[in-house]
Structure formats: structure tokens, C-alpha cells
Amino acid sequence: MPNEKILIVDDDKNICELLRLYLDKEGYKTFLAYDGETALNLFKTEHPAIVLLDVMMPKIDGWEVCRRIRATGDTPVIMLTAKGETFDKVLGLELGADDYVVKPFDSKEVVARIKAVLRRCGNFDINDEKVIQFDNLSVDLSRYELKVKGQVVEAPPKELELLHYLAAHPNRVFTRDQLLDEVWGFEYYGDSRTIDVHIKRLREKLEDASEKWSLKTVWGVGYKFEVKE
């Protein structure tokens, strides 16, 4: 449902106002910041449901803003930037961004992505089973909580959703495109390297958790959550 707060961060005031226009029409409450310092202050005071974040900004750049936001919790972040090189995309994802939109972009596309992210965070319906458990692993989408060996492990929403989807279909192999379609839930305009980055981060968090299951790469095909009989 609309009425969620959205923080729009970009030093280009025209872009901010354009996005605000579209989002206000959809019923969202928007806040604008033209530099990283103001963005972090608004983030602390307004507690937005999602952040649209430019990379190249004065005072504090988008990479650092994303890093600080991610250090406080799992608020979704969509990066908005003119930089389209693979390195920049991967860096944003490594820092915990949930999506990456390259300028120039269609405002309607950005709105659709925002809706998709908020829908996933509020009412995830890929699988009716909200909590999936295996040896030393619990993925709870009702609380958006990941537990490894009984300990809560911080993970952005997209990582949890990807792990949940794979674990909900043990030993089934999915291509990167299938995972983008099923987990992201909308037409993805980036490349399939997004999946590789999220799998890499998940593996780091799940390392040595159990010998009974693992995230496996099926070379030339994709990935699977392998459960040993």
C-alpha cells in the first residue's frame, strides 16, 4: 500500500522533482536530499521505507551513504547513477544495494521497481511457507530474519528472498534468468551478474554452517540449494 516514506537522494534537483511528481501521484510521502550528508540526516529522522540513491554527490558520495544505511539495518536501497560499467554495478551490490538503475531512466520503471521492492518486503508470496529450516539454517520471511547456527545474521531483503526461493526448491537447478524473474518479480534491465554477487555474499554468510546442505554452482546452467540425502 502507498503512504510509505521514500527518500530521494540526487544532486540533480530536476531528477528529484520528477521522481517526487511520479511518486506523489502514487500516494507515497517523499523527502528530497541533494547531498549525502542531508540524506543521512533525513534517513535517521524520517525512517523511510526505501531509499533512491545517486552515486556522485557532494559532501558524502552514494557509496558511503549506502554503506552507512546498510550498517543500520535492511532498509532497501535502489542506486540511481549515470555510471553503467559492470564494476560500478557490482560495487553497489557488494555494499548491499537491492537494485541498480542507470541514468537516463524511465520514471515509470523506477516506480515499478519501488513497488516491487516494497511488495516483497511487506507481503512476499513466492512461496506460502514463510519459514524454511534446514540443519543450522532458518530463513524467516515473515520477520525477514536469517539465522545461521542459531545466530541472527544480517542480510538485505534480496539476499533473504533469493536464499528462501532456492531453499524452497531443494536440489532444483535454476538459471540466472529464472532467478531474476522469480525473485526480483519484474523485468530486470541489468545483467545476470546480479545473481552471482548475491550468491557470493550468501556463501560468505553461510560458510561452514552445515555439511548437510550448500549453495552449489552448476557450471553453464546456474545455481541450486543442494541437500544431501
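The values are calculated or read from the model by the stated rules, or taken from the named source; none is laboratory data. Bear in mind the structure is a predicted one, so any value in this text is a computation, not a measurement. Reconstructed Cβ throughout: ideal geometry from the backbone, glycine too, with neighbour counts over all protein chains shown. Remember, those area values only see protein heavy atoms, side chains included, never the ligands or the DNA or RNA. Shrake-Rupley method; radii C 1.70, N 1.55, O 1.52, S 1.80 Å.
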*Taking the stretch 172-229 as the region of interest, how many residues are closer than 24 Å to Val153 by Cα and either modelled with pLDDT of 85 or more or in a loop (DSSP other than H, G, I, E, B) (or both)?*
30
*asked:* Where the second residue is open to solvent by 20 Å² or more (accessible area, probe 1.4 Å) and at pLDDT below 85 and the first is over 12 Å from Ala33 (Cβ atoms) and lies in the stretch 57-72, which pairs have Cβ atoms under 6 Å and are six or more apart or on separate chains?
replied: Cys66/Leu95; Arg67/Leu95
*For the stretch 91-129, how many residues are closer than 26 Å to Asp208 by Cβ and either aromatic (Phe, Trp, Tyr) or modelled with pLDDT of 75 or more (or both)?*
0
*In the stretch 35-81, which residue that is among the polar types (S, T, N, Q) and modelled with pLDDT under 90 is farthest from Trp184 (Cα to Cα)?*
Thr72
*Take the residues of the stretch 1-55 that are in contact (Cβ under 8 Å) with a residue 40 or more places away in the chain, open to solvent by 20 Å² or more (accessible area, probe 1.4 Å) and in contact with a helix residue (DSSP H, G or I) (Cβ under 7 Å, 6 or more places away or on another chain): which is farthest from Ile114 (Cα to Cα)?*
Leu18
*Can you pull out the residues in the stretch 133-151 that are touching a helix residue (DSSP H, G or I) at 6+ places or on another chain (Cβ under 7 Å) and basic (Lys, Arg)?*
none
*Which one is farthest from the chain's Cα centre (by Cα), of the residues in the stretch 167-186 that are open to solvent by 50 Å² or more (accessible area, probe 1.4 Å) and without any contact (Cβ under 8 Å) to a residue 24 or more places away in the chain?*
Asp177
*asked:* Based on this model, can you work out whether Arg20 counts as of a type in the set (D, E, K, R) and more than 15 Å from Ala97 (Cβ to Cβ)?
replied: yes
*Would you say Ser210 is small (Gly, Ala, Ser), open to solvent by less than 60 Å² (accessible area, probe 1.4 Å), farther than 19 Å from Asp98 by Cβ and free of Cβ contacts under 8 Å to residues at least 40 places away in the same chain?*
no
*asked:* Just the residues that are closer than 17 Å to Pro104 by Cα and assigned to a loop (DSSP other than H, G, I, E, B), please, taken from the stretch 12-70.
replied: Asp12, Val55, Met56, Met57
